[in-house]
Structures are given as structure tokens and as C-alpha cells.
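First comes the structure, then the notes that go with it.
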Amino acid sequence: MNREEPVLQLVDVLRTDFRPSSDTDALNAELQQALCLPYRYHPARLAIGLSLQDPSPPTPVQDASGRPIKGETLFGHEEHDLAVWLGLLIEHSGTHGITKRMLQETVAAHWHRGMQRLWLHWTEHAGQDILNFYASLLDTAGRSGPSSS
Amino acid sequence: MRVHSVISPEAWRFVAAAGAEAGLGAGGIATLLEAGLQHGGEANRRRLFADLDSLLDGEPFSPEAPASEVEAGTPARVQLRSVEARNWSVYRHLKLDLPEFTPEQPLVLIGGKNGAGKTSLLAALVFGLFGYLSVSDLFAGVDRAGRMRSAYRRRIESLLHRPARDRGDLAMSVALSFDTATGPLRIERRWFLSADGKFEDEDEELILQVGADGDLLPVPPGTDPTAHLQAEITRRLLPPTLAPFLFFDGEQVERLGGRRLEEQLRLGVESILGASYLRAAAADLRDYARDRIRDVGPNRGEADASTLAEVGELEAQERDLLERLERVQGAIGDSRSGRDRVMTELGRLSGDTYAALQDLLEQQRRTEGDTARVKAKIAQFAVEDLPVFLAGVALRDQLCHRLEEEESAGALTADQGADLTIDRFFEVLVSETRPSSFAVTPELASRVRDEWVRWKAERSAVDIRHHYLIGRTREVVRTRLRNAELTREHGRTLMNELSRCTAAGVDLERRIREQHGWSADRERLQGSLEELTANLEALDSERQALQRSIDQVRSALEPKREQLRASLAMQGAGLPATRRARRANELAGLLLQVADRAAAAYSSELSAALTRSFRELAHKELIAEIAVGADGRIRVTDRNGRAIDDLQASAGERHVFAIALMAAIAELGGASLPVVMDTPLGRLDREHRERILQYCMARRSQTILLSHTEEIGDRYLAQIEDRIAVQFLLEHRPDPSGLGESVVTEGYFAAAGAR
């Protein structure tokens, strides 16, 4: 447990900014447009969810210079929504006593990895067809094995 | 007599009857036409006027035409027995011998691909029979300016067989043999071109041989041999005016079929009756009268000449106005038929189709709404359920499992002791501080308890990873994680819904696009309707204006005629020139009357023949009668006497109508004459083709069909094969120079024959 920085509470996440890499930000915008999604956080959530499917830890992102999204937007402002996301992220990371910074870095890494895979789904597996895209995502989930903690 | 070189004996009886009604007599008409035909086409009028001087000075015309002319009208079967041509168009030498006609086998079939010489063969027949009289646009009437001669010369020059010209052989000929009522008749026409390929009128020679021995037909002294022999051809065979109805190609039928019905009929009638010759003779007489009155003297004569000129001018105006009126009436008829068709079409489109379009548009609106709703659900699903689902069942299970473990360790639950401690804490707080507005609500109690548990957990010996999840939140998280698996089914349902909506949308769009095509048709038809209505109004105004002009011309014409008659009568018999002019003037009026009366009488008989032939040829069973009214309009009626307006609906039917008209005119002109048709079936559908072939087989005289294999191929050949007397094939054989020649062999196309 990191004692130098306060241990993260749910309420801390609400006002925290989460930044992707600039590449991820660009792909996020492109996919948002392609899928006709109204907000930036929509593809971001899908990306983070998809990355969490892979039990291996994502590669840390060095350049988190994309446009930020507040925690209450990215994960939802309802306590329970936030709690589910935080639970999944912390469980995947296997970390005890995660701090705000650690969470920001983890989210940036998942966002990046997930967005790369999401883009691949869109362009290659789904042939840029929305119905195929969602169908392939539904197929994908459940194929991965349990993550190691 | 020359008159029979332009009017057949059969048609002549209508002219003669009209002449008798007009008090002129057949003999008078024949004499006047004779004079016109002798010199009427000449630019210098002196010879014509001199002939008319002696005619008008003489005894009154005999009411009867010479007996031999009348007798000549007796129809008898005529058949073509041979065609021989030298250096004629694509043929160096052509020789066709046809068997004697039998009613069982009335057909002669001559095959040839394009360029093999079918049209050249037809031309050999027509030019051989009629010489320069064959050069005129079908029904174009007489070219008084001599253009016919010049066109004929050019045509003859172009018809010389090219290899013959190259080797300096500049003579060509066509010889036709017929069996006629008076025995065999052989017509040979020869043309001689100059070294530079030019042809002059005098370089044509016409020879007629009659009888089994082929005796040369003598030419009476003092007569023009060609004119005399040409009249004999008309008398013994047929006049040139009838030729377009007996010897025709598809192009000719097409040209006639392209005209309005009224126009087709009028042109046919005028042509057969030689009406243009009668009108030309009337114009000659007016010219003559004007000229002679001028000679009377400077005062009265000039005044009368001026009146006569005015009469001539007014008559010309009247004719011109009547022709324009006829055209306008025809156009009104066409516009009315067009308007009726458009309205029928519009009625059809505005009924079921329009309602169906509205229904489809409503369905499309509903489908679009459904699609939008499903897409909104998918967007919500994509942002709420799907991301957590995507994290995968393994991670979700793992988290659930850990949360349960942490709870079972007891570190994250408040025990009864803790609850008592918290209760005691609030009692002390309230009693010691006595705050004015402080109440221990259940929410406050719950939060304090959660903080207590968290504090306790942080100091617990158990490794708590999700210490921030306590109390009810922890339960909700676990429930959501467990339920996430349901997302898959929910997602599938949404995808299926979207798929259905998309497919329905595509289908509707396709159907609406089709309907929009009809809708575009509707707009186009409405545009046409407005245009036609405006056009009709304009035409009707024009018709009324023309009718007023005609009335004005007629009201001006009658007093002038009366004034002229009175003036010429007052000048008495003492002045021969005046007397002759007066008589010429009267005769001109009579000839015009004859032309109109003969046309009316002939039209009536033609209507009956046309009804018969059209019903035979067209598959329009409902047509009972085609009648030509007094106003020249054609009225087509069904069995109940109701008018049928859609006869002109298709080009194919007009084509059939043209052929029916030809058949009717041929029938009136003498069903006993041979008919030669060059690829006449091209545009027709199967049923019409079969009917026309049926008609050919039923004819009581020879029918020669020129055809290519696509026209009369296997199917149609099978239909007529038993009725064919002989078959020939025309083939073009090119030589190294690229020109070559066409030759004829017995038989038909090998492919068609080898069925």
C-alpha cells in the first residue's frame, strides 16, 4: 500500500482527469464518428472494457497527452457505476492500495491497448459495418481465459 | 391516250362519273388532261396555249371518252413471267424465269442478304415499267418544274453497273415479260449513257412486244413513241400511280405508316385518281384564260384579266387555306388522341399506384422511427452494458469471488458491538453538545458505521483489495457483475432488431424508388397534359381563324367569278379570245369540282376495301368499320358503332394500316395484278407477320416476296412453304477489285431450308 499518497476512495475518482495518449485520442475521435456515437467517452469505455478482457497488464503509456475526460464522465457519476469500473480496474491490476496517479496510468494504458484492438475490430473483423462490429465484440467477450491476480 | 398513263382505267371510272355530274363528260376531261400532259410541264406556255386555242374553238367535248379507253378498264389477271436485266445496278446479268401462276402456289420467294440486290430487283421492275414516271416521292404528285426529269437522269446514271462502266460498256437494259388478258407482253427499256457517264432523255428506248411471236407494237405516225408506249403499259398493265401500292419496300411502307391516317388516305386517293393532274390542268386553263383576255384590248380585256387573276389568286388562297385547315384538323385529332392517352395513363397512376406510394411512404416513416429507436438503444447498450461485458467473464468472476472472500473474512461488516458503540457515541454527542438542530438520521448512522468499518478494515490482518467498496455498494457491484452475462443476449436481440429494420428500410427504399419512377411519370404526364391542352386550344383558335379566312375568301371569290362571267358574256361571241377565255375559266372550275367529287366517291369505296383488308391484317378483332367521312376524317368504329380512338397507338399498327391501305388500293385497282414486297415485315410482331403472310397466300394473283433470312426464316418459311411456286436466292460475289456482282440461283437460304 502506498503510504506517500492517500489511498483512493470512490469519491476521488469523480473529479479526476483521465488522459489517453494523443494517438489513442485521435483513434477515439475517429471511431466515435464511424460508430455514430454522441460522446468521446463512449468509445473510450468500450476500449477500456476490451482491454480488461486481456489478463496481461497493458503496456504503460508514456505520452498521455490526449484530451482528458473526467472520471464521472468516463465511468459514470453514479456511485455504483464508478464502483464497478474501479473494482474491475483494481482487480485486473492486482494492486492493493491503488493511488489516483496509479489509476490514471492504468486507465491510460488500457485505453490505449483497447483502442488499438477496437480499431482492428472495426476495420478488419467488422469490415466497417456497425452491426458486424458489435456482433464481433459480443463474440469476442467470453473467449478469454481468467486473468491472473 | 396519254390520260391513261397517269390514271388507271379502274380509277378513271370515278373521274368520268364525276365529270358527268359536273356536266363536263369523260371525254372533256380526257381531252383537257391530254393537252396538259402534252405540254403542261413546259416552261414555255405557247405550245400549250395554242393547243387550248384549237380545243376551245372546236366543237363541244364529246361526253364520252373513246370506247377503247373505257373497255380497257376490264380487269384481268396479269402475271410476271420473267425479269432480265443487263448492267443494272449490282447485276451484270440477271435472269429470273417465273412459273405460270396457280392459285395453289401464288407465292414467289426471293431471298437475299443486305446488299445482295433485292432493292435493285424491285427498282428494275419499277423503272422498267414506268421510266421517268417512277421517280417521285411516294404520293408527292407531279413535279411541274421538271425536277422529276433531272432526278430521273441522276438516278439512271447511278444505276449503271459499276464494273460495266469501268470497262466502257455504257448501255443497260431491263426486260419484263408479262402474261396479260390480251396475251404475252414484253417490255424492254434501254438506257445509253455517254462516255462521261451522263444520261439524256432522248437516250432511252422503249420497246413493247406483244403476242406469242413477240411482235413489236407499232407507234402511230406523228405521236411520241415513248409516250404512246407508256400509255399502252398503263392500259394493258397498270398506271404509275398504282405502282407504289403494288411494288413497295419496307422503307416505303414506313414512310407511309409515319403519316396520319387521314393523310395516308388522302394521299393514296389523290395519287390513284391523278387529282394533281386534274388540278394542274385547271391551273393551266386559268393561266390560259388570263393570257388570252390580256390580248382583247387595253381596257376591258385588262380589267377582266385583272379579275381573272384575282379569281386565280383567291382560288389558290382557298386551296392553301383548305390544306392548312386539313393539317390543323389532323393535328387537333392527334392532340386529342394524345390527350386521351395521357388522361387514361394518369388515371391509372393516380389510382392504385398513388395510394400504394403513400402507403409505402408511411411504412418508411414508421421503419425509420423504429430504426432510430433501435440505434438509440444500441448506443445506450454500447456505453452502459457492453463495456463491462467486454471485460470478460473471467475478470468479472474473479472480482466477484474476491469481494465475497473479503466479506466472509468479517473485516468489512459491522458487528453488534460496533453498532452499540455507535449508538452510544451519538447519545453522548447529543447530551454533551446539545446542538439546536441535530438529529441522528438513519443515513448519518449508516455513514458513520461505514467509516467505522473502513477504519477497521485498514487495520485488519486480512488483505483487503477493495476496501473502498463497502455496504450496499459492494452488493450492487456483485449483482451487476453477475448479471453482465445477460448482456450478450440483450445485445444479440438489439442487433437482430437493427438488422430487421435495416432490411425493411432497404426494401422499402427500393419499392419507393420504383414508385417514384411512376411518380416521375405522373409529373411528366401532367406536364404533357398541360402542354397538349394548351396546344389544343392554340390549334382550335387556328382552326377557327382558318375557317373565318376561308369564308372570307369564298365570299370574295363568288362575286368575282360572277363579275367575270357577266363581263365575258357581255363581250359576246364576236371576240374569239374572250369566248375561249370564258370557256377555259369555266372548265377550270369544273375540273376542280371533278377532282373533289371523284375523291369523295372513291374514298367511299376505298373505306369498304380498307375495312376488309385491315381487319384481315391487324389483330384488332374489335374493329368493325373504317369509314371516311364527308369531312375527310377517318372514323374507326367497333361492332356497337362506338368510336375507337387508339388505332394509332403503335408504330407497328400504323405500319399494318399502311399495308392494309396498299392492299385495299391494289384491290380496287385490280386484285389481278402482281404484288412485289421487299422486306415489308421488318417492324412487325409475330402475329402481324403471320397475318400478312396469310394475306399474301390468299391473294388471287401472284405475290413476290423479297426477304432476308431474319425476316422469313424457319418459322415463317414453314408457314408458307407449300404455297411457294419457286424460290430464288440472290448472292453478291465480290471480285478482286472489291466491286463484284450479284447472281441469282434457284433455292432459298441453306440454313432456313435445312430445318
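The values are calculated or read from the model by the stated rules, or taken from the named source; none is laboratory data. If you're wondering where the values come from, they're calculated on a predicted model, not measured in any experiment. Glycine also receives a Cβ, built like all others from the backbone with ideal geometry; neighbour counts cover every protein chain displayed.
Quick check, is A:Gln128 surrounded by fewer than 18 Cβ atoms within 10 Å (Cβ to Cβ) and at negative phi? No. Of all positions in the stretch A:61-73, none carries a residue that is within 10 Å of chain B (Cβ to nearest Cβ) and among the basic types (Lys, Arg).
When we screen B:Gln552, B:Gln563 for residues that are touching a Ser or Thr at 6+ places or on another chain (Cβ under 8 Å) and closer than 30 Å to B:Ile293 by Cα, the only hit is B:Gln563. B:Val90 meets all of the listed conditions (1) under 27 Å from the mean Cα position of the chain (by Cα); (2) among the β-branched types (Val, Ile, Thr); (3) closer than 20 Å to B:Pro734 by Cα but one, namely (1). Among the residues of the stretch B:384-398, is there at least one that is surrounded by fewer than 13 Cβ atoms within 10 Å (Cβ to Cβ) and modelled with pLDDT of 85 or more? Within the stretch B:384-398, not a single residue is surrounded by fewer than 13 Cβ atoms within 10 Å (Cβ to Cβ) and modelled with pLDDT of 85 or more. Hey, any hits in the stretch B:720-728 for a residue that's part of a loop (DSSP other than H, G, I, E, B) and touching a residue at least 40 places away in the same chain (Cβ under 8 Å)? Within the stretch B:720-728 (the criterion being part of a loop (DSSP other than H, G, I, E, B) and touching a residue at least 40 places away in the same chain (Cβ under 8 Å)), the answer is no, since none of the residues qualifies. Which residue out of B:Leu486, B:Leu498, B:Leu494 is within 14 Å of chain A (Cβ to nearest Cβ) and loosely packed, with under 15 Cβ neighbours inside 10 Å? Unique residue meeting the criteria: B:Leu486.
Note on the stretch A:99-132: among residues that are at the interface with another protein chain (Cβ under 9 Å from one of its Cβ atoms) and touching a residue at least 40 places away in the same chain (Cβ under 8 Å), the one that is farthest from A:Pro43 (Cα to Cα) is A:Ile130. On the basis of being closer than 18 Å to B:Lys375 by Cβ, within 8 Å of chain A (Cβ to nearest Cβ) and β-branched (Val, Ile, Thr), does B:Thr473 make the cut? Spelling it out, it is not the case that B:Thr473 is closer than 18 Å to B:Lys375 by Cβ, within 8 Å of chain A (Cβ to nearest Cβ) and β-branched (Val, Ile, Thr).
Applying the set (1) touching a helix residue (DSSP H, G or I) at 6+ places or on another chain (Cβ under 6 Å); (2) in a helix (DSSP H, G or I) to A:Ile90 leaves exactly one unmet item: (1).
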